[in-house]
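Asker: This is the structure I have questions about; it appears just below.
The values are calculated or read from the model by the stated rules, or taken from the named source; none is laboratory data. Just so it is clear, the model here is predicted, and its values are computed rather than measured. Cβ atoms come from the backbone with ideal geometry, glycine included; neighbour counts cover every protein chain shown. Keep in mind that these areas ignore ligands, DNA and RNA; they rest on the heavy atoms of the full protein, side chains included. Shrake-Rupley method; radii C 1.70, N 1.55, O 1.52, S 1.80 Å.
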Amino acid sequence: MENDALVDSLELLVKLWDVHGINEFKAKNLSFSIRGLDKFPGMISQLTPDQLLLIPGVGKVIVQLIYELAQTGTCQELEEIVEQTPPGLLDFLKIKGLGAKKVRTIWQELNVSTFEDLNVACQNGQVEKLKGFGSAIQTSIQSQIVFIQENRKKLRLDKAVFLSDRIAAMLNLSFDQIAISGELRRHCEIITSLIFVVETDDIFGSQSKISEILGFSEDLQSSSPFTWRGFFEDNLIPIEIHLVNTSEFVSAVFQHSAHEYHLESIDFYQQSQAKTILTEESIYQERNMPFIVPEMREGLQEFEWAGQHKNYELIEDHDLQGCLHNHSVYSDGKNTLQEMAEACRSMGLHYFGIADHSQYAAYAGGLKEEDVMRQHEEIDQLNLLWSDFTILKGIEADILPDGSLDYNDHILSQFDYVVASVHAQLTMDLDRAMDRLIRAIENPFTSILGHPTGRLLLSRPGYPLKTHKILDACLANGVSIELNASPYRLDLDWRHIYAAMDKGVFVSINPDAHKIDGLKDMKYGVMVGRKGGLLKALTLNALPLNELKAFFKKN
Ligand SMILES: [Zn+2]
Ligand SMILES: [Zn+2]
């Protein structure tokens with residue numbers, strides 16, 4: 001079992017014990033051990049019980065349980081308690097601000113265990129009357145129920161890529177030519193349906209052929225003779241498989257992957273009927289229009305962009321020279337600085353920027369002044385190891401509520417660059433958010449504005465911003481704006497990249513990696529960056545090291 005999955009299961013177990021109000025002592029013990037396990041760099045499943053006991057926090061009371069789970073992927077105690085828990089309560093645990101204890105209160109006092117009943121209880125004002133709740137929590141619960149229910153059937157880009165690759169591989173066993181279409185081909189940050197186009201010379205026989213593949217279940221009511229609709233395994237996201245013959249294939253892939261607005265803007269339906277299209281290029285050529293890459297076909301600003309730029313100017317994975325904004329065990333990362341840097345180097349990159357959390361972020365092990373000095377000494381030592389690779393001294397400094405950064409100027413001046421980010425007190429109206437961010441951008445030590453809106457996709461909306469003004473301030477102050485490439489964030493929203501390009505603001509594709517595996521997230525940044533017209537020439541971490549250093553030395 002992978003470490004992350006193990007930690008998730010253990011966290012669930014602790015919560016369920018608390019929901020049921022049992023095993024208080026074991027729950028405490030297990031919570032403690034989770035902290036140590038979460039930081040453990042090796043494969044936990046390879047450890048014996050005696051070795052597990054050496055991990056900080058792991059006690060004798062729960063070591064067998066952890067061992068069983070790590071070895072088998074499950075354990076009896078977890079299975080039993082999941083069985084005894086109404087499934088709706090697991091949903092309640094997803095509501096922010098409702099810890100296990102509050103979920104227990106709702107369940108015990110109101111006898112409520114589904115979203116529907118919880119919503120009614122909120123409407124009747126029963127929830128606010130519970131001890132420790134109040135009207136603000138009740139209102140928050142109601143709006144989160146709506147949010148969670150709406151988002152259930154949607155997937156983040158990374159999950160959608162993973163799932164659609166699996167589905168395509170299954171389809172490939174029965175069909176020769178399959179194209180992943182829909183929102184995924186457009187690299188949308190959130191995917192609401194998975195769409196495939198399958199070539200076949202037996203359209204009517206293919207419907208049942210798909211339904212016979214293990215894991216596929218057809219929704220007969222919404223399927224039609226040319227389109228199989230249904231679900232794959234227990235995923236809630238709807239799946240659409242369009243069945244076409246060879247001569248229709250290119251046209252169908254184009255039609256089912258471009259946004260309706262894009263199709264309208266090129267008069268696709270009027271001109272393309274009853275004609276075999278051999279290549280997507282020919283669709284644009286016939287109309288005397290520039291070729292638009294699939295991910296940009298949204299019906300937004302793609303043609304204006306194409307009037308000024310060529311497609312080869314778009315950022316590509318291999319253009320990236322290095323990687324800024326990453327964490328290590330100095331703060332809340334899981335790998336050491338050296339491990340992270342070596343991994344970055346082995347990806348063929350030339351520089352690695354460490355940007356651990358700053359002191360204000362105590363919850364994330366933020367660095368005190370002495371930690372910063374210790375880290376800088378280590379970086380100086382490590383930098384002697386390579387002639388072709390450099391570690392840069394960065395920091396992810398918290399933007400405090402008044403817009404200042406949380407180190408004094410003396411410390412800030414020791415870094416090669418500063419990523420300034422908001423992590424606390426995220427609930428702000430437009431005026432407060434703008435004042436706070438503009439002040440941070442104007443700080444002479446700020447180099448990059450981190451995850452500009454603070455959003456977490458499918459989980460938390462960002463605070464409101466006037467993005468044009470933020471971009472103007474970035475330009476005026478020599479600050480780059482981050483495209484946080486974690487698929488949980490993808491923030492700056494790609495819709496604003498067009499404006500950043502127009503204004504000449506550098507965008508930095510930052511993985512915000514907390515472990516080696518996280519470095520790969522840069523690919524999602526490239527995917528959505530291209531979608532918004534991100535140019536290689538204005539991608540900060542596509543700059544060679546000397547130019548990057550010059551950018552950081554602006555002041
Ligand atoms: Zn951050
Ligand atoms: Zn970060």
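Asker: Taking a ≥ b ≥ c as the square roots of the eigenvalues of the Cα gyration tensor of the chain, is the shape rounded (a/c under 1.5), prolate (a/b larger than b/c) or oblate?
Answerer: Note, shape of the chain comes out oblate.
Asker: Could you put 135, 33 in order of accessible surface area, largest first, with the 1.4 Å probe and the full protein assembly present?
Answerer: Greatest to least solvent exposure: 135, 33.
Asker: Hey, another quick one. Order 521-530, 440-449 from most to least packed using the mean count of other Cβ atoms within 10 Å.
Answerer: Answer by packing, highest mean first, reads 521-530, 440-449.
Asker: Once each part is reduced to its C-alpha centroid, what is the distance from segment 262-339 to segment 207-232 in angstrom?
Answerer: The two parts, judged by their Cα centres, are 31 Å apart.
Asker: When ranked by the protection proxy of mean other Cβ atoms within 10 Å per residue, highest first, what sequence do the peptides 230-240, 284-294 form?
Answerer: 230-240, 284-294
Asker: Distance from the Cα centre of segment 447-483 to that of segment 507-550, in angstrom?
Answerer: 15
Asker: Follow-up question, since we're still on this one. Note down the nm distance, to one decimal, between modelled labels 7 Å out along Cα→Cβ at residue 173 and at residue 317.
Answerer: So the label points at residue 173 and residue 317 sit 2.6 nm apart.
Asker: At a 10 angstrom cut-off on C-beta neighbours, averaged per residue, how do the peptides 139-150, 536-547 rank from highest to lowest?
Answerer: Put in order of decreasing packing, that is 536-547, 139-150.
Asker: Okay, next question. Using a basic spin-label model with each label point 7 Å from the Cα along Cα→Cβ, how many nm lie between residue 408 and residue 269?
Answerer: 6.8
Asker: Now for a separate question. Given a 1.4 angstrom probe, I'd like the percentage of the accessible area of the chain that is carbon and sulfur, rounded to a whole number.
Answerer: Answer for the chain is 51 percent, counting heavy atoms of protein chains only.
Asker: Please give the per residue accessible area of the chain, computed with a probe of 1.4 Å over protein heavy atoms only, in Å².
Answerer: Averaged over the residues of the chain, the accessible area is 46 Å².
Asker: Sorted by accessible area (1.4 Å probe), largest first, how do 8, 491 line up?
Answerer: Correct descending sequence by accessible area is 8, 491.
Asker: Something else: Could you order 493, 388, 4, 398 by accessible surface area, starting with the largest, using a probe radius of 1.4 Å?
Answerer: 388, 4, 493, 398
Asker: OK, next. In terms of the Cα gyration tensor, with a ≥ b ≥ c the square roots of its eigenvalues, is segment 184-300 rounded because a/c is under 1.5, prolate because a/b exceeds b/c, or oblate?
Answerer: Oblate shape, in that a/c is at least 1.5 and b/c is the bigger or equal ratio.
Asker: Please compute the length gained on full extension between residue 338 and residue 217, using 0.36 nm multiplied by the number of residues separating them and subtracting their Cα-Cα distance.
Answerer: Between residue 338 and residue 217, full extension yields an extra 38.8 nm.
Asker: With the cut-off at 1.5 for a/c, could you classify segment 1-97 from its C-alpha gyration tensor as rounded, prolate or oblate?
Answerer: Cα axes put segment 1-97 in the prolate bin.
Asker: Separate question: Run the numbers for residue 28 and residue 2: contour at 0.36 nm per residue of separation, minus the present Cα-Cα distance, in nm.
Answerer: Using 0.36 nm per residue and subtracting the Cα-Cα distance, I get 7.1 nm.
Asker: Starting from the Cα-Cα distance between residue 165 and residue 136, subtract it from 0.36 nm times their residue separation and give me the gain in nm to one decimal.
Answerer: The span from residue 165 to residue 136 would gain 6.2 nm if fully extended.
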